[in-house]
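Once you've had a glance at the structure underneath, I'll fire off some questions.
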Amino acid sequence: MKVFSGSSHPTLAAGIASHIGMQLGKSRITRFSNENIKVKIDENVRESDVFVIQTSCPPVSDNLIETLIMIDALKFASAARITAVLPYYPYARSDKKDEARISITARLMADLLQTAGADRVLTMTLHAPQILGFFRVPADQLLATPVLVNHFRHSDLSNSVVVATDAGAGKIAGHFAKRLGLPMAIIDKRRVDDSESAQSTALIGEVVGKDCIIFDDEIATGGSIKEAARILRGFGVRRVRVGATHAVFSGAAITRLQEAGLDELVVTDTIPIPAEKAAQIPNLKVLS
Ligand code: R5P
């Protein structure tokens, strides 16, 4: 078995390799002046069971192409089986045809990974688990829920309620609430497009005077969290904490998370957070 890292998240790849007592495989990734990418596998992988770790973070398109080239290089170096380990799946939110004449890009990603030579795919906390059905090779997701449950379990939960930012997040938030033995509430979120902050109008459940734990799959622009915190405060909650798997932190996320006034913001390390960005986000904790 061999484990290779793409250039998106070397710290996570090194942590995974060290956790299973392995060294990362040797490879060289070169970016030419014409923006072409070359991947050279620097050790023998003939008949090996190979894992490639690459998350989807900026530069998203470069990282994607690099993943495909790395898988192709391993295939042509006669690796026996290649598993693409994608902690944050590329284009996970483009999972359905909710407008006319658009691409279901999460499906296109599945096609590209298989064409490059991925024999299996392993990802984490998908925005929509149905994405696994876009593959014709074995594909699985791991959930970060146990790691987040473990974190919150060690805090005072006596007056707490889990809050889903919308009905779509209700299922994973419900699973999280059940594991913590807590009740749940759901916010009614309306969004026009990605650039526009989400807008909420109503809430189902009991939150008055409670410590709320908002649970979501990802924080992208921070609009959903900021709006959820605003509406919860309007209902007179005591504290607002957040648990989310993927810290995308794109666009206006930093400002919105500063404005949200969260008592705690807990995310996992599926996506690298630059130190200067992390330093600007109040009460942030990153779990491995
Ligand atoms: C949406 O359905 C997801 O569960 C997240 O709530 C969403 O991706 C967060 O995006 P943003 O931070 O941009 O509001």
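Among (1) surrounded by fewer than 20 Cβ atoms within 10 Å (Cβ to Cβ); (2) not in a loop (DSSP other than H, G, I, E, B), where does residue 250 come up short?
Looking at each condition in turn, residue 250 falls short on (2).
Are any of the residues in region 227-236 of a type in the set (Phe, Trp, Tyr) and either more than 9 Å from the ligand (Cβ to nearest atom) or exposed (fewer than 15 other Cβ atoms within 10 Å of the Cβ) (or both)? Step through it out loud before you land on a result.
We begin by selecting, within region 227-236, every residue of a type in the set (Phe, Trp, Tyr); these are 235.
Among the residues that remain, those that are also either more than 9 Å from the ligand (Cβ to nearest atom) or exposed (fewer than 15 other Cβ atoms within 10 Å of the Cβ) (or both) are: 235.
Yes, region 227-236 has at least one match.
Now, a different point. Inside region 235-288, can you point out the residues that are more than 13 Å from residue 223 (Cα to Cα) and basic (Lys, Arg)?
Once the filter is applied, which keeps residues that are more than 13 Å from residue 223 (Cα to Cα) and basic (Lys, Arg), region 235-288 yields 238, 239, 241, 277, 285.
So, one more: Suppose the filter is in contact (Cβ under 8 Å) with a residue 60 or more places away in the chain and under 22 Å from the mean Cα position of the chain (by Cα); does residue 87 pass it?
yes
Let me ask something additional. Before we move on, is residue 56 under 23 Å from residue 32 (Cβ atoms), within 16 Å of the ligand (Cβ to nearest atom) and assigned to a loop (DSSP other than H, G, I, E, B)?
Here the answer is yes, as residue 56 does meet what is asked.
Could you check region 206-223 and list, in sequence order, the residues that are aliphatic (A, V, I, L, M) and within 10 Å of the ligand (Cβ to nearest atom)?
Matches in region 206-223: 214, 219, 220.
Name the residue that is surrounded by the most Cβ atoms within 10 Å (Cβ to Cβ), counting only residues in region 62-121 that are within 14 Å of residue 6 (Cα to Cα) and among the polar types (S, T, N, Q).
Per the criteria, the residue is 67.
I need the full set of residues from region 123-169 which are more than 16 Å from the ligand (Cβ to nearest atom), within 20 Å of the chain's Cα centre (by Cα) and touching a residue at least 60 places away in the same chain (Cβ under 8 Å), in order please.
Hits for region 123-169 are 147, 151, 152.
Each reported figure results from applying straightforward, stated rules to the coordinates on display, with no laboratory input. All of these numbers come straight from a predicted model, not from anything done at the bench. Reconstructed Cβ throughout: ideal geometry from the backbone, glycine too, with neighbour counts over all protein chains shown.
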